[in-house]
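Trainee: Quick one: structure below, then a few questions.
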Amino acid sequence: MENRVVSGMRPTGRVHLAHYHGALKNWAKLQHEYECFFFVADWHALTTAYSETENIEQNTYDMLIDWFASGVSPSASTVFVQSRVPEHAELHVLLSMVTPLPWLERVPTYKDTITRLNDKNLNTFGFLGYPLLQAADILMYKGTKVPVGADQVAHVELTRDIARAFNRNYGRDAEWLDLAKRALGKVPKKIAKQYAEWRKQYTEQGVSERLEAARALIYDQTHLSVDEMDRLVGYLEDGGRRILPEPEVLLTDTPLVPGLDGEKMSKSYNNTVLLREEPSVLEKKIQTMQTDPARVRRRDPGDPRKCPVYSLHKIYSETATVNWVDDGCRSASIGCLDCKSPLIDSLKKEQDGFHERAAPFIEDRSLVHNVIEKGSEKARVIARETLDDVRSAIGISYR
Ligand code: TRP
Ligand code: SF4
């Protein structure tokens with residue numbers, strides 16, 4: 001089974017360094033390893049801010065330019081806008097039929113966000129359905145790897161539950177058992193025996209690792225057709241054909257990027273370093289950035305662990321420089337401005353690359369428009385295939 005990567009980001013406008021290190025840098029790498037679908041989740045933006053729509057277009061364009069600046073390439077991956085692929089809405093409706101309400105109510109981000117954003121009206125069907133819409137985004141492309149941060153893990157888990165519920169309900173056509181057995185007949189005897197044993201251990205004793213192992217075993221049987229594989233994988237769980245594959249989270253080690261005040265970097269805290277700053281603004285931002293408060297005077301020693309500048313050094317500097325900071329700070333042999341100087345240089349150098357890659361898109365915004373058009377059309381081809389399959393499994397593909 002080939003891996004497909006799917007991920008989205010809400011259109012919040014210009015991107016900052018926490019977005020870059022937390023997601024985009026990784027996306028730019030993944031696009032060379034997997035088939036990738038990256039999209040602007042503009043409907044998701046509506047779920048928490050349905051009355052603030054005036055900036056969506058601008059934010060989408062600004063964000064996409066920063067994706068490209070980060071190295072996400074429209075020729076290496078499929079880049080599109082969610083609302084330009086209305087099939088996502090149809091899949092959302094169809095999946096909603098098998099999604100029990102309590103599954104949505106108990107997603108941790110649901111109650112948390114309502115408490116956190118108590119000045120907003122989140123008492124809407126749209127907001128409750130947020131993770132279900134995300135499930136539709138992922139399942140639409142039969143995504144098997146979903147690179148997201150820890151805060152999104154629960155959404156991917158819900159997606160797995162929904163895929164399983166869907167397959168259980170609609171994967172059992174009249175001959176599902178016969179077809180599974182017939183497919184098993186095409187597998188070498190020894191493999192079939194292993195499969196049967198693992199299936200038994202999973203279904204009767206609940207040994208969950210056996211499920212993964214048996215799935216892998218089936219996907220190795222390259223002489224089987226996709227339909228045969230899907231049936232055997234479905235049968236492992238006493239289900240019929242596996243129509244929608246269960247995705248996995250792709251958690252990557254991403255460094256925590258502190259904001260200018262040492263808090264988490266976030267637009268709402270007004271403490272960001274954008275991906276593309278004017279060099280003079282960048283310099284100013286770092287020069288005035290929070291340091292260890294113990295260093296009131298130049299001769300006061302500090303503790304780098306209490307300083308967000310040091311966290312940035314660990315991301316941007318060579319070991320020798322990090323050690324120089326560590327020693328110099330503790331012994332007060334360097335001042336904070338000395339300490340920040342090589343950091344400013346590294347940041348500027350990195351940003352030169354960002355500015356360069358963004359330039360053609362800033363000059364001619366129709367290039368961004370073209371990416372959206374092409375990417376959305378490419379995504380729709382797959383989306384239509386998935387929906388054909390989904391509709392026929394449900395039994396509503398009649399004319
Ligand atoms: N909910 C995600 C976030 O806020 C964005 C998102 C929407 C997403 N659909 C997705 C992420 C599908 C991964 C896959 O960050
Ligand atoms: Fe922070 Fe560097 Fe100043 Fe130490 S010397 S407090 S690490 S800026």
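Read-outs: derived from the displayed coordinates by stated rules, not from any lab. Not measured: the values here are computed from a predicted model. Quick reminder, even Gly has a Cβ in these numbers, built from the backbone with ideal geometry, and neighbours come from all protein chains shown.
Trainee: At 7 Å along the Cα-to-beta-carbon direction for both residue 168 and residue 264, put a label point, then send me their distance in nm to one decimal.
Mentor: 3.3
Trainee: Is it possible to state the helix-based mean residue ellipticity at 222 nm for the chain, with each DSSP H run of 4+ residues giving -39500 (n - 2.57), the sum divided by total residues, to the nearest 500 deg cm²/dmol? What is it?
Mentor: Working: 18 runs with 221 residues, N = 399.
It lands at -17500 deg cm²/dmol.
Trainee: Let me ask something else. Could you check the simple spin-label distance between residue 281 and residue 106, using points 7 Å along Cα→Cβ, in nm with one decimal?
Mentor: Taking the simple label geometry, residue 281 and residue 106 are separated by 4.6 nm.
Trainee: Something else now. If amide H atoms are built 1.01 Å from N in the plane of the peptide, which residues on other chains or at least 5 residues away come under 5 Å of the amide H of residue 81?
Mentor: 40, 376
Trainee: Something else: Using the crude model of +1 on Lys and Arg Cβ and -1 on Asp and Glu Cβ, and no other charge, please compute the dipole size for the range 244-289 relative to its Cα centre, in debye to 20. Can you show the working numbers first?
Mentor: Values: 5 positive and 8 negative charges, 56 e Å.
For this selection, approximately 280 debye.
Trainee: Oh, and also: Once label points are set 7 Å from the Cα along Cα→Cβ at both residue 377 and residue 75, what is their separation, rounded to one decimal in nm?
Mentor: 1.8
Trainee: Residues with amide H under 5 Å of residue 35's amide H, sequence separation 5 or more or different chain, H placed in the peptide plane at 1.01 Å from N; which?
Mentor: Amide H neighbours of residue 35, under 5 Å, 5+ apart: 5.
Trainee: Let's see if you can work this out: charge +1 on each Lys and Arg Cβ, -1 on each Asp and Glu Cβ, no other charges. What is the dipole magnitude of the chain about its Cα centre, in debye to the nearest 20?
Mentor: Details: 53 positive and 57 negative charges, 146 e Å.
Computed about the Cα centre, the dipole is about 700 debye.
Trainee: Can I ask one more? Calculate one ³J(HN,Hα) per residue across the range 72-80 by plugging θ = phi - 60° into the Karplus curve 6.51 cos²θ - 1.76 cosθ + 1.60, and present them in order as whole Hz with x for glycine and proline.
Mentor: With the stated coefficients, the range 72-80 comes to 5, 10, x, 8, 8, 9, 8, 10, 8 Hz.
Trainee: Further, regarding this structure: With θ taken as phi - 60° and the coefficients 6.51, -1.76 and 1.60, list the Karplus ³J(HN,Hα) couplings across the range 266-283 in order, rounded to whole Hz; mark glycine and proline as x.
Mentor: Rounded to whole hertz, the list is 7, 4, 6, 8, 6, 10, 9, 10, 6, 5, 10, 9, 4, x, 5, 5, 4, 4.
Trainee: Ok, one more. Please figure out what share of the DSSP beta bridges in the chain is antiparallel and state it in percent, rounded to the nearest 5.
Mentor: On the way: 2 of 15 bridges.
DSSP beta bridges in the chain are roughly 15 percent antiparallel.
Trainee: Under a Cβ-only charge scheme (Lys and Arg +1, Asp and Glu -1), can you give me the dipole magnitude of the range 257-357 about the Cα centre, in debye to the nearest 20? List each step's numbers first, then the result.
Mentor: Numbers: 17 positive and 16 negative charges, 55 e Å.
That gives a dipole near 260 debye.
Trainee: Based on the Cα coordinates of the range 137-196, what is the per residue volume of their convex hull in Å³? Display every interim value, and only then the final one.
Mentor: Working: hull volume 7.9 nm³, N = 60.
Per residue, the Cα convex hull of the range 137-196 comes to 132 Å³.
Trainee: Between residue 322 and residue 52, how high is the FRET efficiency from 1/(1 + (r/R0)^6) when r is the Cβ-Cβ distance and R₀ = 45 Å? Nearest 0.05.
Mentor: Numbers: r = 42 Å, r/R0 = 0.92.
Efficiency at R0 = 45 Å is approximately 0.60.
Trainee: Please go through the range 349-399 and write out the chymotrypsin sites (Phe, Trp or Tyr not before Pro) that DSSP classes as loop and that have at most 12 other C-beta atoms within 10 Å. Before the final figure, lay out each step's value.
Mentor: On the way: sites: 354, 361, 398; in loops: 398.
For chymotrypsin sites (Phe, Trp or Tyr not before Pro) across the range 349-399 that sit outside H, G, I, E and B with at most 12 neighbouring Cβ atoms in 10 Å, the list reads 398.
Trainee: Sort 390-397, 236-243, 69-76 by the packing proxy (mean of other Cβ within 10 Å over each peptide's residues), most packed first.
Mentor: On the way: 390-397: 14.8, 236-243: 21.1, 69-76: 18.5.
The most tightly packed comes first, giving 236-243, 69-76, 390-397.
Trainee: Sticking with this structure for a sec: Could you compute the FRET efficiency for residue 125 and residue 394, with r as their C-beta to C-beta distance and R0 at 25 Å, rounded to 0.05?
Mentor: Numbers: r = 22 Å, r/R0 = 0.87.
That gives a FRET efficiency of 0.70.
Trainee: Could you work out which residue, out of 159, 115, 291, moves most in a Gaussian network model of the chain, that is, has the largest mean-square fluctuation with Cα springs under 10 Å?
Mentor: Maximum fluctuation in the GNM of the chain, among the listed residues, is at 115.
Trainee: Taking the convex hull of the Cα atoms, report for the chain its projected area averaged over all directions, in nm². List each step's numbers first, then the result.
Mentor: Numbers: hull surface 96.1 nm².
Its Cα hull, projected and averaged over all orientations, spans 24.0 nm².
Trainee: I need the calculated FRET efficiency for the pair residue 181 and residue 223, taking r as the beta carbon distance and R₀ as 22 Å, to the nearest 0.05. If you can, show how the numbers build up before the last one.
Mentor: On the way: r = 17 Å, r/R0 = 0.78.
Computed FRET efficiency for residue 181 and residue 223: 0.80.
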